[in-house]
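Read the structure below first, then the notes.
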Amino acid sequence: MKSMRALVVFTAVVVWGGSARAENWAQWRGPAFNGSSAETGLPASFSKTENMAWVCPLPGRAGATPIVWDDSIFISSADSKSKDLLALCINRKDGKVRWQRVIAPAADRRPLNGPNNNMCAPSPVTDGKTAWFLYGTGDLAAFDFEGNQIWARNLQKDLGSFAIMWGYGSSPLLYKDKLYIQLLQCNTQVYATGPDRNKPRDSFLLAVDPKTGKDLWKSVRPSDAVGETLESYSTPIPYESAERPEILLLGANYLSGHNPENGAEYWRCDGFNSGKQPDLRIVPSPVSAAGMHFIAAPKRRNPSLAVKAGGSGNITETHSAWKLGKENSPDVCTPLVYKDMLYVLDGGGDKRNVLCLDPKTGAQKWIGQLPGNQTYWVSLTAADGRMYCINEGGQVVVLAAGDEFKLLATVPLGDSICYSSIAIAQKQLFIRTGQNLYCVGK
């Protein structure tokens with residue numbers, strides 16, 4: 001796992017400026033960009049009264065994951081009453097709101113494209129000095145830890161209105177000295193709003209100066225996909241090997257690796273939409289382990305695919321390694337890598353299965369079914385030998401990360417609707433429900 005060890009090292013040193021203290025959760029998929037944390041000392045059991053440090057009421061629900069740096073927690077939220085889009089900072093020690101800022105008032109908010117969706121799906125990101133917030137409206141803003149706005153802009157006003165059916169949901173990526181934003185969208189006006197809705201549009205990777213908010217470059221990412229398949233809700237993920245660093249983009253029939261300096265494409269791979277179907281938008285993000293990139297196929301209609309890292313050009317024939325049958329491919333949940341194993345959660349339908357796989361070969365170690373009859377929209381997270389997730393109705397599930405499927409606990413927090421993955425930092429769990437933020441731990 002040379003490449004994964006390199007990724008963990010560069011994450012700690014480059015992205016976070018060399019912090020040697022307890023781990024933070026500075027972006028959506030955590031310190032290693034794979035859903036895992038090296039944090040220990042988490043409570044073996046908890047409930048609303050046991051090992052619950054505090055509960056903070058939130059102004060509204062959202063899919064954005066809490067972002068944690070030392071004693072600061074950053075939350076994106078929609079106000080359920082005013083409909084304003086909000087940025088919040090919460091004190092990790094006592095759960096009190098330090099500051100709350102209106103990013104976009106209700107009058108500026110774009111219409112929702114789904115009954116349970118809102119414009120707060122992207123998670124914030126931080127480097128320990130600044131926190132960046134992105135919303136489905138295209139509003140992007142930077143704040144210092146005291147709540148002072150450093151800069152703000154609207155990407156739709158600057159780059160054109162978004163054309164994506166269920167509302168923009170990709171989280172920003174902070175890597176080295178750039179803020180990366182992915183927009184893989186329909187190339188027509190079908191789902192767009194605004195005066196430019198009839199204009200053709202490109203999909204692209206955008207690099208923004210995190211200090212000023214100004215564009216550094218925009219790299220167009222072409223695709224031969226059509227219709228809804230052009231749309232992606234995944235998040236760009238960095239990958240480092242001995243050969244070079246890359247930014248991975250997933251969507252529109254392809255996984256592709258890009259130069260972090262200018263966005264130029266090194267390689268691309270297809271093979272997970274064999275029929276070139278027009279309605280296969282992608283939701284999960286890619287994940288890397290053991291020199292492999294894992295792609296979750298969209299809508300469970302095709303097998304998921306493991307791709308060998310590296311290469312140039314179209315690497316579909318040369319680098320495709322193994323496949324996971326479509327009956328166990330996740331539609332929404334991004335896979336987890338923890339302690340050299342790959343965990344895949346298919347949280348929808350009647351199955352709600354978790355698979356433990358060897359990332360190098362795809363060999364199945366075990367499979368188990370999660371309890372309850374509600375959908376799991378979130379992605380698995382893991383630390384201290386355990387895995388965590390929460391279903392739509394607010395039931396938290398704790399699993400053993402080991403040689404067999406073992407359900408350790410179920411915790412009914414309620415407060416539906418729950419779309420936010422659980423964050424792990426500072427020996428605590430941060431669980432966002434439809435109404436509250438729970439801090440589990442001492």
Query raised in the report: What number of residues within the range 287-316 satisfy the criterion of being in a strand (DSSP E or B) and surrounded by fewer than 18 Cβ atoms within 10 Å (Cβ to Cβ)?
Result: 3
Requested in this report: Working only within the range 215-247, note down all residues that are within 18 Å of Met165 (Cβ to Cβ), touching a Pro at 6+ places or on another chain (Cβ under 6 Å) and surrounded by fewer than 21 Cβ atoms within 10 Å (Cβ to Cβ).
Outcome: Val226, Gly227
Report task. Of the numbered conditions (1) surrounded by fewer than 24 Cβ atoms within 10 Å (Cβ to Cβ); (2) in contact with a Cys (Cβ under 8 Å, 6 or more places away or on another chain); (3) not hydrophobic (A, V, I, L, M, F, W, C), Pro284 fails exactly one; give the number of that condition. Result -> (1)
Query raised in the report: When the range 271-281 is examined, which residues are found to be closer than 17 Å to Ile315 by Cα and crowded, with 22+ Cβ neighbours inside 10 Å?
Result: Phe272
Report task. For Thr433, indicate whether it is at pLDDT below 95, more than 26 Å from Gly291 (Cβ to Cβ) and either under 21 Å from the mean Cα position of the chain (by Cα) or crowded, with 21+ Cβ neighbours inside 10 Å (or both). Result -> no
Report task. Within the range 225-250, work out how many residues are out of contact with any Asp or Glu (no Cβ under 8 Å at 6 or more places or on another chain) and among the acidic types (Asp, Glu). Result -> 2
Report task. Give me the pairs, please: first residue somewhere in the range 234-259 and without any contact (Cβ under 8 Å) to a residue 40 or more places away in the chain and farther than 16 Å from Ala289 by Cβ, second residue anywhere and part of a strand (DSSP E or B) and of a type outside the set (Ser, Thr, Tyr), beta-carbon distance under 7 Å, and either six or more positions apart or on two chains. Result -> Tyr254/Arg268; Tyr254/Cys269; Ser256/Leu249; Ser256/Glu265; Ser256/Trp267; Ser256/Arg268
Query raised in the report: Here is a list of conditions, (1) under 19 Å from the mean Cα position of the chain (by Cα); (2) without any contact (Cβ under 8 Å) to a residue 24 or more places away in the chain, and Pro222 meets all of them except one; can you say which number that is?
Result: (1)
Query raised in the report: Do you know which of the residues in the range 24-52 that are assigned to a strand (DSSP E or B) and of a type outside the set (A, V, I, L, M) is surrounded by the most Cβ atoms within 10 Å (Cβ to Cβ)?
Result: Trp25
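The values are calculated or read from the model by the stated rules, or taken from the named source; none is laboratory data. Just so it is clear, the structure is predicted and the values come from calculations on it, not from any experiment. Cβ atoms come from the backbone with ideal geometry, glycine included; neighbour counts cover every protein chain shown.
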